[in-house]
Amino acid sequence: MPSDLALFIGQILTKPHQVVALAPSSRFLCAQMAAEIDPDGGPVIELGAGTGNITRAILDRGVSPGNLHSIEMNPQFCARLRANFPGVNVYEMSAGDVSALPIEDAQAVVSGLPLLSMPTALQRSILTGTFKKLRSDGTYVQFTYGPKPPVTKLVRDELGLQWRKSKKIWWNLPPARVYRFNLPTPAIGATAH
Ligand SMILES: C[S@@+](CC[C@H](N)C(=O)[O-])C[C@H]1O[C@@H](n2cnc3c(N)ncnc32)[C@H](O)[C@@H]1O
């Protein structure tokens with residue numbers, strides 16, 4: 001059986017437009033992705049789990065395997081995730097269908113997807129599906145290698161997303177930042193129409 005790294009590099013070569021990476025995320029980037037997860041804060045959804053470097057960081061935060069729901073569309077990566085992380089719920093499907101997961105009130109959706117290289121319609125279904133699964137103060141966590149927020153402006157504006165970004169994580173190939181997106185907080189005293 002190839003190592004996780006050999007499997008990942010093999011899939012970069014055979015499916016470059018799906019994997020869209022030079023290497024799996026480093027432990028420094030993965031730790032930043034998982035940094036705000038509360039082990040007792042309820043379900044976590046992961047998108048684009050690959051060979052599981054971020055999966056491992058989420059479990060290392062103390063989340064129980066049964067509370068982690070990892071979506072990955074590549075069947076070979078799914079087989080590896082199931083072998084490496086018993087008890088984690090692995091779904092072989094597109095992240096565009098995240099709204100179909102049997103989960104409510106997730107605390108976070110943690111994404112290793114190559115979001116900016118996806119068509120706007122797919123980004124929109126990933127983000128709208130994500131915020132259906134998150135509780136009202138839940139967070140969408142996404143890394144990016146580039147200088148701009150990793151959700152296209154059109155989709156950010158449609159959903160009214162607010163965000164924070166981390167410092168640059170240099171120990172990653174290539175260096176990356178982590179963005180945390182939330183829906184706007186309703187003003188105190190505002191009434192629903
Ligand atoms: C940049 S890799 C990240 C892998 C891993 N999370 C990491 O950080 O090392 C992107 C992953 O997203 C997966 N992916 C791409 N498009 C997807 C989609 N529409 N639905 C689910 N997974 C997808 C790829 O197969 C790949 O495993």
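The values are calculated or read from the model by the stated rules, or taken from the named source; none is laboratory data. Source: prediction; values computed, not measured. FYI the Cβ positions are ideal-geometry reconstructions off the backbone, even for glycines, and counts take in every protein chain you see.
For Ala21, the test of being modelled with pLDDT of 95 or more and of a type in the set (A, V, I, L, M) is failed. Here Phe143 clears all of (1) over 23 Å from Ala35 (Cβ atoms); (2) at pLDDT 95 or above except the condition numbered (1). Condition check for Asn53 on (1) under 24 Å from Thr14 (Cβ atoms); (2) away from the ligand (no atom under 11 Å from the Cβ); (3) in contact with a Lys or Arg (Cβ under 9 Å, 6 or more places away or on another chain); (4) not hydroxyl-bearing (Ser, Thr, Tyr): one failure, at (2). On the stretch given as the stretch 30-45, residues that are within 11 Å of the ligand (Cβ to nearest atom) and either touching a strand residue (DSSP E or B) at 6+ places or on another chain (Cβ under 8 Å) or part of a loop (DSSP other than H, G, I, E, B) (or both) total 1. I want to confirm something. Restricting to the stretch 150-176 and keeping residues that are assigned to a strand (DSSP E or B) and in contact with a Leu (Cβ under 9 Å, 6 or more places away or on another chain), which single residue is surrounded by the most Cβ atoms within 10 Å (Cβ to Cβ)? Here the answer is Ala176.
Considered as a group, the residues in the stretch 14-29 that are part of a helix (DSSP H, G or I) and among the polar types (S, T, N, Q) include one that is farthest from the ligand (Cβ to nearest atom), and that residue is Thr14. The single condition from (1) on the phi > 0 side of the Ramachandran plot; (2) in contact with a Ser or Thr (Cβ under 8 Å, 6 or more places away or on another chain) that Gly62 fails is (2).
The rows are residues; the columns are (1) free of Cβ contacts under 8 Å to residues at least 60 places away in the same chain; (2) surrounded by 21 or more Cβ atoms within 10 Å (Cβ to Cβ); (3) over 22 Å from Gly129 (Cα atoms).
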{"position": "Ser3", "(1), (2), (3)": "yes, no, yes"}
{"position": "Ile9", "(1), (2), (3)": "yes, no, yes"}
{"position": "Leu13", "(1), (2), (3)": "yes, no, yes"}
{"position": "Gln32", "(1), (2), (3)": "no, yes, yes"}
{"position": "Val44", "(1), (2), (3)": "no, yes, no"}
